[in-house]
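Student: Structure below; questions to follow.
The values are calculated or read from the model by the stated rules, or taken from the named source; none is laboratory data. A quick note: this is a predicted structure, and the numbers were derived from the prediction, not measured. Glycine gets a Cβ as well: all are built from the backbone with ideal geometry, and neighbour counts include every protein chain shown.
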Amino acid sequence: MLAAVAFAEPDDSSLLKGLPDAPAAVAGAPVVSPMSAMPEKPRYSKQSGKDLFYFSAEEVAAVPKRFGPMSKEFAAMKYTFDSDVPADIQSQMRDDLAFIGGLQGQGASKLHAQIFGAVDGAAYTRFFESRVKGIGMDDCGNGNAVACVIPFFNPWKMWLTQNYIRFSHPQVSRMMVVFHEARHTEVSHGNYPHASCPEPFRDENGNDMTSIWTGASLAGEPACDKTPFGSYGSSMIMLKNIQKFCSSCTDKVKMDAGLYADDQFGRVTDAKARKQIIDDLYR
């Protein structure tokens, strides 16, 4: 069970007004909400801009009330890009997914096996394609955002920003963000919301913890995890396993994967969760 988490309160109490309700579910039968009935652009709580996108407690609570489980027919569909996603962003996303889909590995940690399976491109492709069914463009309410999932608007769609191709971060780090966001599509797990980082928030050397994306302080921000299975936890487990077990990766890819994994591990703040990851990957 997830530990209790704190969220930033939405700045607009009418945030959810005007959005269609999910169709009534027949007992035992999965349903898919009518995506065509959704407003053209999503709405969400105000973003601080200090790190990546986050959603509020109100938004999370709305998801199971509005969406049933994904139907088998919908689950079998491959993701599609909206027509307004620029060609260069589509091309970069396809290249990145092809890169991650082509990885080969030997071995995997227990947590990785539990979340993704083997360190293997086919396993990563299945993970992504079983969760993300649409890719669109939005600013995600934050000039520093790279991508976002807005669960109460459409829990199976990922939104990209222009930063996806503007930020000069390594390819494997973009995939870390993409798989972080894919974790947020999981309605059955409460969309794995972020936890609030502690105040003060310092590393083992007493330095303030800052975002690897923006350089801003993370103290008090909804930018942490209290479980290895959350969005930060699972994506850092993925990258740390790529560093340790990828047999087809270059030394540069493995170095980048380790650097970003270690950084994101700092955002896992619960002592029990940290011990699970340390025992799994750092012994």
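Student: Could you please find all residues in region 208-259 being without any contact (Cβ under 8 Å) to a residue 24 or more places away in the chain, in a loop (DSSP other than H, G, I, E, B) and under 19 Å from ALA122 (Cα atoms)?
Tutor: THR250
Student: Given VAL149, VAL172, VAL187, which one is farther than 16 Å from SER48 by Cβ and either at pLDDT 95 or above or hydroxyl-bearing (Ser, Thr, Tyr) (or both)?
Tutor: Sole residue among the options that is farther than 16 Å from SER48 by Cβ and either at pLDDT 95 or above or hydroxyl-bearing (Ser, Thr, Tyr) (or both): VAL172.
Student: Test of understanding: among PHE53, PHE116, PHE74, PHE81, which residue is in contact with a Cys (Cβ under 9 Å, 6 or more places away or on another chain) and hydrophobic (A, V, I, L, M, F, W, C)?
Tutor: Numbers: PHE116 fails: in contact with a Cys (Cβ under 9 Å, 6 or more places away or on another chain); PHE74 fails: in contact with a Cys (Cβ under 9 Å, 6 or more places away or on another chain); PHE81 fails: in contact with a Cys (Cβ under 9 Å, 6 or more places away or on another chain).
Step by step, each of PHE53, PHE116, PHE74, PHE81 is checked, and only PHE53 is in contact with a Cys (Cβ under 9 Å, 6 or more places away or on another chain) and hydrophobic (A, V, I, L, M, F, W, C).
Student: Only one of (1) in a helix (DSSP H, G or I); (2) at pLDDT 95 or above is not met by PRO198, so which one is it?
Tutor: That leaves (1) as the condition not met.
Student: Something else about it: In this structure, is ARG166 without any contact (Cβ under 8 Å) to a residue 12 or more places away in the chain, surrounded by fewer than 20 Cβ atoms within 10 Å (Cβ to Cβ) and under 24 Å from ALA98 (Cβ atoms)?
Tutor: yes
Per-residue answers, yes or no, for (1) closer than 28 Å to ARG267 by Cα; (2) surrounded by fewer than 17 Cβ atoms within 10 Å (Cβ to Cβ); (3) not β-branched (Val, Ile, Thr):
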| position | (1), (2), (3) |
| --- | --- |
| GLU73 | no, yes, yes |
| ALA87 | no, yes, yes |
| ILE115 | yes, no, no |
| THR125 | yes, yes, no |
| ARG131 | yes, no, yes |
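Student: Take the residues in region 260-276 that are of a type in the set (D, E, K, R) and part of a helix (DSSP H, G or I); name whichever of them is farthest from GLY121 (Cα to Cα).
Tutor: Looking at the filtered set, the residue picked out is LYS272.
Student: Hey, ALA145 hits all of (1) under 25 Å from GLN114 (Cβ atoms); (2) under 13 Å from the mean Cα position of the chain (by Cα); (3) crowded, with 23+ Cβ neighbours inside 10 Å but one; which does it fall short on?
Tutor: (1) is the only condition that ALA145 fails.
Student: Can I ask one more? Are there any pairs, at least 6 apart or on different chains, whose C-beta atoms fall under 7 Å, with the first in region 121-149 and closer than 20 Å to PRO193 by Cα and free of Cβ contacts under 8 Å to residues at least 40 places away in the same chain and the second crowded, with 19+ Cβ neighbours inside 10 Å and among the charged types (D, E, K, R), and if so, which?
Tutor: none
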